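Data first, discussion second: the structure below is written as structure tokens.
The values are calculated or read from the model by the stated rules, or taken from the named source; none is laboratory data. Keep in mind it's a predicted model, so treat the numbers as computed, not measured. Positions of Cβ are generated from backbone atoms using ideal geometry, with glycine treated the same way; all protein chains shown enter the neighbour counts. In case anyone asks, the SASA skips ligands and DNA or RNA and just uses the protein heavy atoms, side chains included. Shrake-Rupley method; radii C 1.70, N 1.55, O 1.52, S 1.80 Å.
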Amino acid sequence: MNIAHAGSAATYETAVFAGGCFWQFQPYFEDLNGVLNVSTGYTGGHTLNPTYNEVSSGDTGHLESIEIRYDPSQISYDKLLQVFWRSIDPTNANGQFDNIGPQYHTAVFYKSKEQKAVAEASRYALAASGKFDKSIVTEVVAATKFYLAEDEHQDYYKKKPFLFKLAQIVSGRDAFLKRTWGTDQAITVANPVDNEKVFNKAERLKSLTPLQYDVTQKNADEPPFKNEYWANEQEGIYVDIVSGEPLFSSKDKFDAGTGWPSFTQPLDKEHVVLKEKGSLFWTITQVRSRDANSFLGDLFEDGPGPTGLRYCINSAALKFIPKDELEANGYGVYTVQFD
């Protein structure tokens, strides 16, 4: 996936890390703003199309790894590295915690000269920080082909949450990370903007209709052609029904013939977060709001110019503010586009 983000020249990029057992390692990156998808797999070895059993033998040269698709306009590669270091023991040359063997070694697999430079600088800074008494043994190496792990090894922490949490405790990973990093373990990646509105989410949810609640909180879709804004031609902006954060403009709205409001790009890209969902055989890119984490709709690559994108959005997730009411409602900064 390589979609140019509206309003930005950035494209979605990929980071590959090995951090021991990928069952335990994957969740640290899942809910970061700007991360679309995290997949488990194998890389760095000398065999083709490796299986879990083959890699587990330690004879393939492959490491259990994760592949992260992320939007660099929302989260930097350096931020991902900060999360990486806070998720592993970078001084263990034999594996990670209770997982011993070459397949559990740690590594950063860089995919460009820029990633290599950032990774090496980050590794140097970690070594100089004094956090560890032992040497940092995590390697920074060039990326090779990444092989997706079998479906049963994707999102293990969701499929078997009890066993996942038990493994985190028994392995000693949780205790080690808390002891090493303390209150510095959490990494903040949100990017506040000037027009961010303070809101009480719990109170706002109480005011939603059943349909609005199902759409924004349960990822439901409303019926096509039977929703409030699919044919709305007024000038103005669309904001999140829960938080009020600005999302889309009528200037970017078009009739896609689907029966839902469609837009070529967000009004304010800082408030729109994309998240890939699916399995080995299919994926879909969800569109969500940043502050409220409301489900808005889905993103497709069949839209008109200038972006070629179609943000297919549920009316139930939106509130429309006509251009003549923007100033009175605190959105005066957006009136200029209608002059």
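Some notes on this structure:
- Computed with a 1.4 Å probe on the full set of protein chains, the accessible area for Lys116 sits at about 80 Å².
- Listed by chain and number, the lysines whose alpha-carbon sits under 29 Å from that of Lys206, ignoring those within fewer than 8 places in the same chain, are Lys158, Lys197, Lys218, Lys226, Lys269, Lys275, Lys277, Lys319, Lys323.
- Taking all protein chains together and rolling a 1.4 Å probe, Leu163 ends up with roughly 80 Å² accessible.
- Per-residue ³J(HN,Hα) for the range 316-325, Karplus 6.51 cos²θ - 1.76 cosθ + 1.60, θ = phi - 60°, Hz, x for Gly and Pro: 5, 8, 10, 10, 8, 10, x, 4, 6, 10
- Net charge dipole size for the chain [Lys, Arg +1 and Asp, Glu -1 on Cβ; Debye, nearest 20]: 860 debye
- Cα convex hull of the chain, projected area averaged across orientations, nm²: 19.0 nm²
- Extension gain, Thr258 to Ser56: 0.36 nm times the residue separation minus the Cα-Cα distance gives 68.0 nm.
- Shape call, the range 40-181: gyration tensor on alpha carbons, a/c limit 1.5: rounded
- FRET efficiency for Glu152 and Gln217, using Cβ-Cβ distance with R0 set to 41 Å, rounded to 0.05: 0.90
- Here the relative contact order of the range 117-276, from alpha carbon pairs under 8 Å that lie six or more residues apart, stands at 13 percent.
- Rounded to the nearest 20, the size of the Cβ-charge dipole of the range 112-190 about its Cα centre is 180 debye, with Lys and Arg at +1 and Asp and Glu at -1.
- Fully extended contour minus Cα-Cα distance, from Lys160 to His46, at 0.36 nm per residue: 37.9 nm
- For the set Ile284, Ile169, solvent exposure ranked by accessible area (probe 1.4 Å, protein chains only) runs largest to smallest as Ile169, Ile284.
- Summed over qualifying helices (DSSP H, 4 residues or more, each -39500 (n - 2.57)) and divided by its residue number, the chain shows a 222 nm mean residue ellipticity of -6000 deg cm²/dmol.
- Of all stretches in the chain that contain no chymotrypsin sites (Phe, Trp or Tyr not before Pro) in a DSSP loop with at most 16 other Cβ atoms within 10 Å, the longest one is 1-131.
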